[in-house]
Amino acid sequence: MTAIATLGSHCALQVLKGAKDEGLKTLLVCEKRRQRLYKRFDFIDEIIPVDSFLEVLEPRCARILEKNKAVLIPHGTLIAQMSSEQIESIKTPVFGNKWILRWESDRNLKEKLMRDAKLDVPKSIPNPDKIKRLTIAKRHGAAGGKGYFLTSSKKDYVKKRNQLIKIGLIKGDKDLYLQEYVMGVLAYLQFFYSPLDDNLEFFGVDKRHESDIEGLGRIPAQEQLGIDYISSFNVIGNSPMVLRESLLDDVYAMGERFVEASKRLVKPGMNGPFCIEGVYDQNGKFWTFEFSARIVAGTNIYMEGSPYSALIYDVPMSMGRRIAREVKIATKQRKIDIITT
Amino acid sequence: MTAIATLGSHCALQVLKGAKDEGLKTLLVCEKRRQRLYKRFDFIDEIIPVDSFLEVLEPRCARILEKNKAVLIPHGTLIAQMSSEQIESIKTPVFGNKWILRWESDRNLKEKLMRDAKLDVPKSIPNPDKIKRLTIAKRHGAAGGKGYFLTSSKKDYVKKRNQLIKIGLIKGDKDLYLQEYVMGVLAYLQFFYSPLDDNLEFFGVDKRHESDIEGLGRIPAQEQLGIDYISSFNVIGNSPMVLRESLLDDVYAMGERFVEASKRLVKPGMNGPFCIEGVYDQNGKFWTFEFSARIVAGTNIYMEGSPYSALIYDVPMSMGRRIAREVKIATKQRKIDIITT
Amino acid sequence: MTAIATLGSHCALQVLKGAKDEGLKTLLVCEKRRQRLYKRFDFIDEIIPVDSFLEVLEPRCARILEKNKAVLIPHGTLIAQMSSEQIESIKTPVFGNKWILRWESDRNLKEKLMRDAKLDVPKSIPNPDKIKRLTIAKRHGAAGGKGYFLTSSKKDYVKKRNQLIKIGLIKGDKDLYLQEYVMGVLAYLQFFYSPLDDNLEFFGVDKRHESDIEGLGRIPAQEQLGIDYISSFNVIGNSPMVLRESLLDDVYAMGERFVEASKRLVKPGMNGPFCIEGVYDQNGKFWTFEFSARIVAGTNIYMEGSPYSALIYDVPMSMGRRIAREVKIATKQRKIDIITT
């Protein structure tokens, strides 16, 4: 029997609950300080306590996972806490494509993949001198939105950049990526692609709650003008959403182009869950500013399935459960090599 | 056996999934360019490909629907793409009341029905000279919110109107309807009225996500003041919501008054799903600014039922499924004439 | 057989539906003017019509409840309409701890309990002269957010206070509580603590929709500056949300400290449902500004269970149903005295 393993954070509860619903054994690689949380849930069969998630790379951990024939489900915490080299050196079979995770982390590779998939990406601004209109400055890597800020002139940019340097979040311009800011409805499009039957499923869409930018709209303009304010986009949580049905055809087309581009650029392609992240402008056009090449935390809102997964499955199908089901099917078909790397 | 048919857009997935859950045959009148999307879902039994939705009016389409004893479920796309005359000339039985759809499309009839139902409607502004306080300018018809804007003076109005003329969205003042803007919590109240047992069900409430106005609250006031901005209210999607329980009695009362008024003004009245759309002000008073006399897309968020439908039904009951159930019951009772026009 | 009783408002539908799902008899103490609403739902077995909720204190009502062996579920309406003395004098067994409701209503006791639980509470401002930065002025008691306002200077405070006096909402400074305003993502953390097995369950988190402050973010800054605006925070409804998983450990820790503190300060402690209410700042730190020592209305969004209750229970478990289940278990174990006061 195959087992499902993941790191204790991000979407571990969803992933392991889904695995248990599919009848698989569940293992959690868990920082010792977080054990109290995860011990509360009886769908977690075994906890592997570690001091650091990097121990996944060590023989002790790898042996336990191997003994259980575990597939490791990667998520945002894996990417945040390991280098691409470390991730690629993992011995345990990784669900999906571990090689594509480097493309998620590296801003240049990321843009290359998005453009190859013919996604519309907001224009990047090469340097602060070129800031002419509303621009967002983002830190490189999976920083979770902390230290991102809006600006519309070089003068204002310099002021805010210097404050971030002062509090130690960045070292200088090279730590920031500048991009034209597109205003509208933010949407995080969740997909699952199965190479077993070459089929793409649109799984749902969520909204993010980011602090403290979310609170800004509740401060009257008059009060705002009196505050020396730097926005921040620290992700706190997620809420459910559905899209206007006439947008769905394009949603599927974007997902399919992304799958095709990843097959061309980074073998074996974008297998398993992924997310295309962006904003619908006032014409209903979608601008992609990021992607995640693995399960996103926004799927946690759909622990019992989403309005879209309900169109496909007769049981409550979370993304975590969908992953486990894929592992089960591949195991049965002796195709586990196709869905892992 | 009766079948359920609808046009491929708006809430077609919900309607046909619900019909299938009730055991009915499902037909989709589908633009050829959209077939790829709908072929993904196996609860759609038959797709009738068309170049334009207007083909519903033609013998070929009507014959297929008749052969299947199909009831046609009208939604926003039907109203957006056909004139009231065309809708009224549909030969296929239309669920609910096709005559009331004219009252939804025509601003004057719409106001008449709302006032007859004793709904509180924000004051309309007769002409731009009368703009004294915060006012919303709306385009006539089911434009989906595109080109709507806020203004608080004639001077500002003229500037924005001229920009809309320039980009070809409107021709002049007569294409815009001016209404006092009420600030608060927007809410879209979804109802189902069954003439079979003269019973009204409150089915749920949703929030809309509109672009790009939704993004405005995330732009600091200082940056906003530097932008020459015209808001837009293009509906992108929906999220779930519940109301304070003490508001529910009034919600039901509004729904009942609407049903009664429609019985008086446009026979056979407001049968089936409808939506009362407005805003709760700071005193918890509801101001109605629109209604939809048929299923609204906001019900898509409740593909598996809403917190309110769960109080009434033991199975996951979407609005789409509720419609199908009504058709089933009426068929059994040989009362299909009562629930269609 | 035990029965579940509550007052007809706030979350009565959820509580009684949940009780019925657990197979218990349901009673509703209902104002006569609200009977029409509640008679629509057939999971309510018996309605006790009253002119005022205070009749719960009278022998007639108490006898009916006693005859049914009813446990009374307290909620926000009970607190809003009765004094602490009246609540404490209720003869019917009250679910949870009726003595702690005084600590919810009294601002000083409330702060004492929050600080004893080592929750981070935003600094209170002793008097209007001390307003230096963004501050929120709140009315005492369960006012539902009506008449709350933001201010950042004494001058502005005085102006807004005087307007509230003028419209009769307050009498003077002593009716207002001043607190530093923390900007970020508002979150209402719902818990259930069972003394039967000394176990805390995190049940879900919701967002509130408040009028008219929620509408502010859709008004361009330029228009805002032209309006003489006093914000209001009248709760209209709720929406679902999940938290970043890395925040959950701290969420549980806050809940446990709250349970422990209440055991020390107000016997028998915080049994049953409660809510810790606050805001996540840009560092992901949670600032508590309120608590509710009983079921909150935000649980209504989870009529069929929340993403978090789905991790614990195999059936759709609303907070109302969880309460009923606790009553059932305690009845079976002859421990009803432990879960009521």
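The values are calculated or read from the model by the stated rules, or taken from the named source; none is laboratory data. Everything quoted here is computed from the prediction, not taken from an experiment. Cβ atoms come from the backbone with ideal geometry, glycine included; neighbour counts cover every protein chain shown.
Checking the structure you have, find out if any residue of segment A:283-298 is part of a helix (DSSP H, G or I), out of contact with any Asp or Glu (no Cβ under 6 Å at 6 or more places or on another chain) and not assigned by TED's automatic domain parsing to the domain that holds residue A:16.
Filtering segment A:283-298 for residues part of a helix (DSSP H, G or I) gives A:297-298.
Now narrow it down to the ones that are out of contact with any Asp or Glu (no Cβ under 6 Å at 6 or more places or on another chain): A:297.
From what's left, not assigned by TED's automatic domain parsing to the domain that holds residue A:16: A:297.
Yes, there is a match, as at least one residue in segment A:283-298 is part of a helix (DSSP H, G or I), out of contact with any Asp or Glu (no Cβ under 6 Å at 6 or more places or on another chain) and not assigned by TED's automatic domain parsing to the domain that holds residue A:16.
In segment C:147-159, the qualifying residues are those that are over 16 Å from residue C:133 (Cα atoms) and within 14 Å of chain A (Cβ to nearest Cβ), and the one that is surrounded by the fewest Cβ atoms within 10 Å (Cβ to Cβ) is C:159.
Among residues of segment B:109-130 being in contact with a Lys or Arg (Cβ under 8 Å, 6 or more places away or on another chain) and without any contact (Cβ under 8 Å) to a residue 40 or more places away in the chain, the one that is nearest to residue B:181 (Cα to Cα) is B:129.
For residues that are of a type in the set (Ser, Thr, Tyr) and touching a Gly at 6+ places or on another chain (Cβ under 8 Å), scanning just segment A:247-292, find the one that is nearest to residue A:104 (Cα to Cα).
Initial filter on segment A:247-292 (of a type in the set (Ser, Thr, Tyr)): A:252, A:262, A:280, A:288, A:292.
Right, trim to touching a Gly at 6+ places or on another chain (Cβ under 8 Å) and you get A:262, A:280, A:288, A:292.
On the way: A:262: 11, A:280: 22, A:288: 13, A:292: 6 Å.
Out of the qualifying residues, it is A:292.
Given the conditions (1) free of Cβ contacts under 8 Å to residues at least 60 places away in the same chain; (2) within 24 Å of the chain's Cα centre (by Cα), which single one is not true for residue B:10? Condition not satisfied by residue B:10: (1). Sub-7 Å Cβ pairs linking a first residue in segment A:240-259 that is within 27 Å of residue B:206 (Cα to Cα) to a second residue that is in a helix (DSSP H, G or I) and polar (S, T, N, Q), at least 6 apart or interchain, are A:242/B:300; A:245/B:300, ordered by first then second residue. If a residue has to be in a loop (DSSP other than H, G, I, E, B) and closer than 21 Å to residue A:340 by Cβ to count, how many in segment A:33-76 make the cut? Of the residues in that region, 7 qualify. Just so you know, in segment C:161-195 the residues that are of a type in the set (Val, Ile, Thr) and away from every other protein chain (no Cβ under 12 Å) include one that is farthest from the chain's Cα centre (by Cα), and it is C:165.
For segment A:101-116, a tally of residues being surrounded by 19 or more Cβ atoms within 10 Å (Cβ to Cβ) and farther than 19 Å from residue A:74 by Cβ returns 1.
Number of residues in segment A:187-204 that are under 19 Å from residue B:236 (Cα atoms) and surrounded by fewer than 23 Cβ atoms within 10 Å (Cβ to Cβ) equals 2. Restricting attention to segment C:7-27, the residues that are β-branched (Val, Ile, Thr) and closer than 14 Å to residue C:296 by Cβ total 1. Of the set (1) out of contact with any Leu (no Cβ under 9 Å at 6 or more places or on another chain); (2) within 14 Å of another protein chain (Cβ to nearest Cβ); (3) modelled with pLDDT of 95 or more; (4) surrounded by fewer than 20 Cβ atoms within 10 Å (Cβ to Cβ), all apply to residue C:80 but (3). Taking the criterion of being surrounded by fewer than 16 Cβ atoms within 10 Å (Cβ to Cβ) and either over 22 Å from residue A:87 (Cβ atoms) or aliphatic (A, V, I, L, M) (or both), the residues of segment A:117-144 that qualify are A:118, A:120, A:123, A:124, A:126, A:127, A:129, A:130, A:132, A:133.
Checking each residue in segment A:208-220 for being in contact (Cβ under 8 Å) with a residue 40 or more places away in the chain and either surrounded by fewer than 24 Cβ atoms within 10 Å (Cβ to Cβ) or small (Gly, Ala, Ser) (or both) picks out only A:208.
Answer with yes or no whether residue B:166 is surrounded by fewer than 17 Cβ atoms within 10 Å (Cβ to Cβ), touching a helix residue (DSSP H, G or I) at 6+ places or on another chain (Cβ under 6 Å) and not assigned by TED's automatic domain parsing to the domain that holds residue B:292. Let's see the steps before the verdict.
Numbers: surrounded by fewer than 17 Cβ atoms within 10 Å (Cβ to Cβ): yes; touching a helix residue (DSSP H, G or I) at 6+ places or on another chain (Cβ under 6 Å): no; not assigned by TED's automatic domain parsing to the domain that holds residue B:292: yes.
It is false that residue B:166 is surrounded by fewer than 17 Cβ atoms within 10 Å (Cβ to Cβ), touching a helix residue (DSSP H, G or I) at 6+ places or on another chain (Cβ under 6 Å) and not assigned by TED's automatic domain parsing to the domain that holds residue B:292.
For segment C:309-324, the tally of residues that are closer than 16 Å to residue B:307 by Cα and in contact with a Gly (Cβ under 6 Å, 6 or more places away or on another chain) stands at 5.
The residues in segment B:83-94 that are buried (at least 20 other Cβ atoms within 10 Å of the Cβ) and out of contact with any helix residue (DSSP H, G or I) (no Cβ under 6 Å at 6 or more places or on another chain) can be counted, and the count is 2. Quick one: in segment C:205-236, which of the residues that are assigned to a loop (DSSP other than H, G, I, E, B) and of a type in the set (A, V, I, L, M, F, W, C) is nearest to the chain's Cα centre (by Cα)? Residue satisfying both the conditions and the ranking: C:230.
Is it the case that residue A:240 is surrounded by 19 or more Cβ atoms within 10 Å (Cβ to Cβ), under 15 Å from the mean Cα position of the chain (by Cα) and in a strand (DSSP E or B)?
Numbers: surrounded by 19 or more Cβ atoms within 10 Å (Cβ to Cβ): yes; under 15 Å from the mean Cα position of the chain (by Cα): no; in a strand (DSSP E or B): yes.
So residue A:240 fails the test.
Restricting attention to segment A:228-269, and to residues there that are of a type in the set (Phe, Trp, Tyr) and at pLDDT 95 or above, which single residue is farthest from residue C:284 (Cα to Cα)?
A:252
Count of segment B:307-322 residues, restricted to those that are part of a helix (DSSP H, G or I) and in contact (Cβ under 8 Å) with a residue 60 or more places away in the chain, is 5.
Please tell me if residue B:316 is surrounded by 21 or more Cβ atoms within 10 Å (Cβ to Cβ) and within 14 Å of chain A (Cβ to nearest Cβ). Taking the combined requirement at face value, the residue does not satisfy it. Can you confirm whether segment A:256-268 contains a residue that is crowded, with 19+ Cβ neighbours inside 10 Å and within 14 Å of chain B (Cβ to nearest Cβ)? No - not one qualifying residue is present in segment A:256-268. A residue that is farther than 17 Å from residue B:295 by Cα, within 14 Å of chain A (Cβ to nearest Cβ) and modelled with pLDDT under 95 cannot be found anywhere in segment B:196-209.
Test residue A:233 against the criterion of being more than 8 Å from every other protein chain (Cβ to nearest Cβ), within 30 Å of residue C:148 (Cβ to Cβ) and crowded, with 21+ Cβ neighbours inside 10 Å, and give yes or no. When the stated conditions are applied, residue A:233 passes them.
Counting only residues that are among the charged types (D, E, K, R), surrounded by fewer than 24 Cβ atoms within 10 Å (Cβ to Cβ) and more than 9 Å from every other protein chain (Cβ to nearest Cβ), segment A:269-307 holds 3 of them.
What do you reckon, is residue C:223 among the acidic types (Asp, Glu), closer than 26 Å to residue C:124 by Cβ and either at the interface with another protein chain (Cβ under 10 Å from one of its Cβ atoms) or in contact (Cβ under 8 Å) with a residue 12 or more places away in the chain (or both)? Against the criterion (among the acidic types (Asp, Glu), closer than 26 Å to residue C:124 by Cβ and either at the interface with another protein chain (Cβ under 10 Å from one of its Cβ atoms) or in contact (Cβ under 8 Å) with a residue 12 or more places away in the chain (or both)), residue C:223 does not qualify.
Listed here are the residues, each with its yes/no results for (1) crowded, with 24+ Cβ neighbours inside 10 Å; (2) away from chain A (no Cβ under 12 Å); (3) of a type in the set (A, V, I, L, M).
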site: B:8; (1), (2), (3): yes, no, no
site: B:19; (1), (2), (3): yes, yes, yes
site: B:25; (1), (2), (3): no, yes, no
site: B:33; (1), (2), (3): no, no, no
site: B:38; (1), (2), (3): no, no, no
site: B:51; (1), (2), (3): no, yes, no
